[in-house]
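Report on the structure given below.
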Amino acid sequence: MQRFTWKKMAVLGAWVALTLNFSVVERGAQAFFQGPEGDPAPKREIGKPPVQGVVPDCMSNDLKPMPLDNARVLELKRNTRNQYKDRGYVQGTVSRIFKRNGDHSHFEIMIGSGPKDGIEIVYNRDFGNPAVEPGDHVIACGDYITSYAKAAGYDASPSKALIHWVHENERGTPHPDGFVIVNRTDLYGYGQKAYPVRVAQ
């Protein structure tokens, strides 16, 4: 018959504690994504901002509110490899309108003082039509990509970097929503119409 030494007992105890902890974490994760009866957690109604008339938070990939930060996005553009991905929240003035590609509009906003400080905004027109013009003020929240060379069948961005997915996540997957605000008053990205908002000058 095998004898249990103190060392074997300690290892067994640690294994049991670890197993129980994983079980608690797993149940906690299920509770986060499901309601109290095991039903999917209620989701915000598609097509409506979280609060009418209020600018939604721009969320990071770990679902924490982000500040507007042009300097951070310019740093990513200058110092990251092609196809580097992150989240971006920027504001600037429309400088160029690019050729429409299918159901997406493409335009550039300047987010810095240098001639190369533009970033392309790729907007899915299924979520309304922000008919921007050069000189318009734009705030954009979405997925940032460094794009100075062709990759995965996509051409490089004319601005060498872009922000896309600037609309709500209608698929229900754990991906942060995005949006576009034109001239500090019209919020796009939540359905076909613009929602009125107020953005401080």
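Structure notes:
- Cross-linked pairs Lys48/Lys77; Lys64/Lys116; Lys77/Lys193; Lys116/Lys150; Lys150/Lys193; Lys48/Lys116: Cα-Cα separations exceed 27 Å for Lys48/Lys77; Lys64/Lys116; Lys77/Lys193; Lys150/Lys193; Lys48/Lys116.
- Local electrostatic count at Val138 - Lys and Arg +1, Asp and Glu -1, tallied over other residues with Cβ under 11 Å: -3
- The shape of region 122-201 comes out oblate: with a ≥ b ≥ c from the C-alpha gyration tensor, a/c is at least 1.5 while a/b does not beat b/c.
- In order along region 189-201, the phi-based Karplus estimate (6.51 cos²θ - 1.76 cosθ + 1.60, θ = phi - 60°) of 3J(HN,Hα) comes to x, 10, x, 7, 10, 8, 9, x, 9, 10, 10, 4, 5 Hz; Gly and Pro are listed as x.
- Segments 185-192, 96-103 sorted - mean Cβ within 10 Å per residue, highest first: 185-192, 96-103
- Amide H contacts for Cys58 (H built 1.01 Å from N in the peptide plane; partners 5 or more residues away or on another chain; cut-off under 5 Å): Met66.
- Under-5 Å amide H pairs with Ile121, H placed in peptide plane, nonlocal only: Phe107, Glu108, Ile109, Ile163
No lab work stands behind these numbers, since they all come straight from the coordinates. Since this is a predicted model, take the numbers as computed values, not measurements. Cβ coordinates were reconstructed from backbone atoms using ideal geometry, including for glycine residues, and neighbour counts include every protein chain displayed.
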